[in-house]
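Below you'll find the structure, written out as structure tokens, and then a few comments.
The numbers here are math on the coordinates, done by the rules we state, and not lab data. Note that the structure is a prediction, hence the values are computed from the model and not measured. Cβ atoms come from the backbone with ideal geometry, glycine included; neighbour counts cover every protein chain shown.
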Amino acid sequence: MRSLTIAFSLCCALFATQAWAQNSAQGPIRYEVFDRHGVDTPAQFKLIANTTLKDVNVKIYNCGQAPITQYFAEIRSGDSRLIQWSQAEGTYSCQFVITGKNDFGNSINFNQTHTFYAMTPLQLDVNLRELTPEMNDVTLHASKPMTRASITVTAEDGSHIDTVEQPIARTKTHKLVWKPNDKKPAMIEIKAWDDKNSWASFTIFYFQIPHTDIVFDTAKYEVRRDQEHHLQESLDKILEVIQTHQRVAVDLYITGYTDTVGSAASNDKLSLNRAKAIASWFRKHGLSIPTFYRGAGERSLAVPTPDNTPNEKNRRAVYILSNRPPLDSADLGGFTKL
């Protein structure tokens, strides 16, 4: 993962307790609740009838707004009714009062209290510096205090470099450090929790494919038959990396470059067409993952030269497998999907 700088915010957060919680009532009524939720999603109470119920009145108190009232003429045995409501951020001790009659006309009374947690999603800003064996840390910046964070780092060859999980003393900024290793990281998985046990996580994957650049005829972009074996070698490597890192879905990003011979505009067009030709060759020969291409022309020279200087090292392409577009689009332009 060379020369990679990342700066972004998660758009959403996940909650550690998103499953339905339920009581163990053995009487005519039982219930399930969605009791840990984001402020933009509703709290939920599911009433389940263990026997057929009639004239059912449900009242919910102390749950963040005026008492909630629902009436159901009948709920057959095994059926359920769902009640939802919004809550501002906070902790609520909600009281559920349910009355009605069973099939025999006998009155039923149910009174239960349950705690609900409405939470603002945890958001992270993460700056990933150039990742080399000498720079083995990342700093997390959170929208609210974190209480725990973890990071797992995987090498390009798929081997495990390190996993670190640390408690955090309720701060919004925290540095995670993993053990030094000579291998280049390819995948970094980060997760952070707040004091309500809600969490945000993400995975970043970046792998620049080593390859032999193919030779095009002057001012042409058709793939020459005598160069196809180089593309096949590159394709084999791409497929190998995808197989090694199956846990993450990746895309292929191809950038074409030229030397400074010719005008900048013509070099932009030529490099774009050559990158597209390479992408098309990969697709034709079995690559099924989403593939993107662009032409950077002479805007990022591998070897600085004066204008109109032929240089083989500048006539190149870069193949990157990643789960997000490279972040140099502002300088080199965006990608087009094949």
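Within the set K46/K191; K144/K175; K179/K313; K220/K313, which residue pairs have Cα atoms separated by over 27 Å? Checking Cα-Cα distances, K46/K191; K179/K313 exceed 27 Å.
Computed over neighbours whose Cβ is under 10 Å from that of E165, the net charge equals +2, Lys and Arg +1, Asp and Glu -1. Note: relative contact order over the stretch 209-337, using C-alpha pairs below 8 Å and six or more positions apart, is 32 percent.
Which listed residue (I188, S201, A169) has the Cα farthest towards the positive end of the charge dipole for the stretch 124-229, taking +1 on Lys and Arg C-beta and -1 on Asp and Glu C-beta about the Cα centre? Highest projection toward the positive end goes to A169. Compared with the alpha-carbon gap, the fully stretched path from R170 to R148 is longer by 7.1 nm at 0.36 nm per residue.
What residues of the stretch 228-262 lie in the reach of a label at N308, counting those whose backbone N is under 20 Å from a point 7 Å from the Cα along Cα→Cβ? What the label zone holds, given the 20 Å backbone N cut-off, is 258-262. Note on Y206, Y221: ascending count of other Cβ atoms within 10 Å places them as Y221, Y206, the fewest first. Charge tally around E240: other residues with Cβ under 13 Å, Lys/Arg +1 each, Asp/Glu -1 each, net -3. Cβ-to-Cβ counts within 10 Å put W193, W178 in ascending order as W178, W193, the fewest first. For the chain, the longest principal axis of the C-alpha atoms and the axis of helix 228-244 are separated by about 20°. For the stretch 173-202 versus the stretch 23-99, the spacing of their alpha-carbon centroids is 38 Å. Seen from T336, the other residues with C-beta closer than 15 Å to its C-beta sum to a net charge of +4, counting Lys and Arg as +1 and Asp and Glu as -1.
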